[in-house]
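The values are calculated or read from the model by the stated rules, or taken from the named source; none is laboratory data. Owing to the predicted nature of the structure, the values given are computational and were not obtained by experimental measurement. No Cβ is skipped: glycine too gets one built from the backbone with ideal geometry, and neighbour counts run over all protein chains shown.
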């Protein structure tokens, strides 16, 4: 583990990185807007669970192997891109919620979506993104001392700390989005918010599809 100074730097950098909008944040916000703060929090927990897969895979070298293998990287890349594109198209085709117009701001017309489905969607959004695996391989080792006796264990501990720190940030996104949904203007514009979120998911999917394997650079 790093010393106290480097540990504080690691935590601060992790919090800033978790605040950066991307497919994960978009998934949390879109679910919180449509189904409330609990759905947004569950979406964030699903994403965190996906991050743990990347952390443990990187610790045992699977992510490094994937980054070095063009076939493995390409397969996961296309699976992730297809999933993001599917989510984008689904949002673009979503119908406006019944009763959205004129509903009391304190009781927005939330969509009743099973929490298990939301959790699984967040998990897949993260697990199928090879850029997350590359991120952990690039970011975490910078804070592991070269003389560390067990680098794999240090990687897991730091990755776990990063993921735990992401929970309040993700929950914050959910609370903020659910608060926005209480405003009548947001409710009336939910149909267009779905369209915007769908377009962004498609953009993220296309960006992922055209991402090069780091080993080919």
In segment 165-205, which residues are modelled with pLDDT of 75 or more and either within 15 Å of residue 35 (Cα to Cα) or touching a strand residue (DSSP E or B) at 6+ places or on another chain (Cβ under 9 Å) (or both)? 171, 173, 174, 175, 176, 177, 178, 179, 180, 181, 182
Given the options 122, 93, name the one that is modelled with pLDDT of 85 or more and out of contact with any strand residue (DSSP E or B) (no Cβ under 7 Å at 6 or more places or on another chain). 122
Given (1) surrounded by fewer than 18 Cβ atoms within 10 Å (Cβ to Cβ); (2) over 14 Å from residue 141 (Cα atoms), residue 60 misses just (2)
Residue within segment 56-79 that is farther than 23 Å from residue 24 by Cα and modelled with pLDDT of 75 or more present: yes
Of all residues in segment 128-161 being closer than 28 Å to residue 209 by Cβ and over 13 Å from the mean Cα position of the chain (by Cα), the one that is modelled with the highest pLDDT: 159
